[in-house]
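Just below is one structure, and these are the notes that go with it.
The values are calculated or read from the model by the stated rules, or taken from the named source; none is laboratory data. Predicted model only: the values in this text are computed from it and were never measured. As a convention, Cβ positions derive from the backbone with ideal geometry for all residues, glycine included, and neighbour counts pool all protein chains shown.
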Amino acid sequence: MQRLKKTSVLFCFLLISTLSIAQTSFTKRIEGRLISKNIGVSDVHVMNTSAGRATISNESGYFAIGVTLGDTLLFSAVQFKRKSLVISAEMLRSKMLIVPLEEFVNQLDEVVVRPYDLSGDLGKDMQNMDTGHVVSATSIGLPNAHVKPPIQSVRQLQTATAGKFHPLMILNPPIDPLINAISGRTKMLKKRVARDKKDIRLQQLRSSVPDSLFLTQLKIPIERIDDFMYFCEVDNAFEALIEADSRIAIWEFLLNKSVSYRENNDLD
């Protein structure tokens, strides 16, 4: 009987160890967003150097990649400093990983270029240069010059669903829209469009509120503004206010949320 108990204990210990190892090595697809100055950063290479996986952030800075606990993610782009993150258990549990990037500034001494006498100071050089009339769609009066082109995700959705109707489609109906609908690509693109449009509205709201108001009225430190906005964004009520575009209601929401945020982060 004593031997049976010891065997059972040993079996339980081995089972727990096996489950722990399996959980540690479990691959999870995490989603994240790369930002700089409160704006999503596109075309950033996201590399899981531990697993040999890679992806690129989309137009709004979002990305998704498979990781396991302890993997190292490397973020690189020409105009930003390289950044690496080691995946922790908290990151695996988070719904959205926010990764701020720092701009890379390569400062050079003043250089004079002959024969144009350019100093390297753009403001000074622009004043000294004789520039001609700028030709654009607006300046020459082209139709639809002021029409804003659709964002990338909208264009992708239009392509996936055959876009605009054409009479030849009756004789030769496109197959791609049917395949995209069956495979789930159309549904995925619709979600991406909704997310990108929401992100644009959030960026517009963030740009309309000066940092001084966050600091004086909401009492949010400058370096925590991005984190505070994410704190608000995950609340479904905030999304409804953004949809309604009620500035008064949004400001009241931010005031109430700032109290909770300061309490949670011991800022008072």
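Looking only at residues of the range 193-223 that are in contact with a Leu (Cβ under 8 Å, 6 or more places away or on another chain) and outside any loop (DSSP other than H, G, I, E, B), we find that the one that is surrounded by the fewest Cβ atoms within 10 Å (Cβ to Cβ) is I222. You will find that of G70, G66, the residue that is assigned to a strand (DSSP E or B), exposed (fewer than 14 other Cβ atoms within 10 Å of the Cβ) and touching a residue at least 12 places away in the same chain (Cβ under 8 Å) is G66 and no other. Candidates are the residues of the range 193-208 that are free of Cβ contacts under 8 Å to residues at least 40 places away in the same chain and not hydroxyl-bearing (S, T, Y); the one that is farthest from E239 (Cα to Cα) is Q204.
If you scan the range 1-54, which residues turn out to be charged (D, E, K, R) and at pLDDT below 90?
Taking the range 1-54 as the starting set, the residues that turn out to be charged (D, E, K, R) are 3, 5-6, 28-29, 31, 33, 37, 43, 53.
Of everything in the range 1-54, those that are charged (D, E, K, R) and at pLDDT below 90 turn out to be R3, K5, K6, K28, R29, K37, D43, R53.
State yes or no: is I250 surrounded by 14 or more Cβ atoms within 10 Å (Cβ to Cβ), in a helix (DSSP H, G or I), hydrophobic (A, V, I, L, M, F, W, C) and under 19 Å from the mean Cα position of the chain (by Cα)? Working first, answer last.
Details: surrounded by 14 or more Cβ atoms within 10 Å (Cβ to Cβ): yes; in a helix (DSSP H, G or I): yes; hydrophobic (A, V, I, L, M, F, W, C): yes; under 19 Å from the mean Cα position of the chain (by Cα): no.
No.
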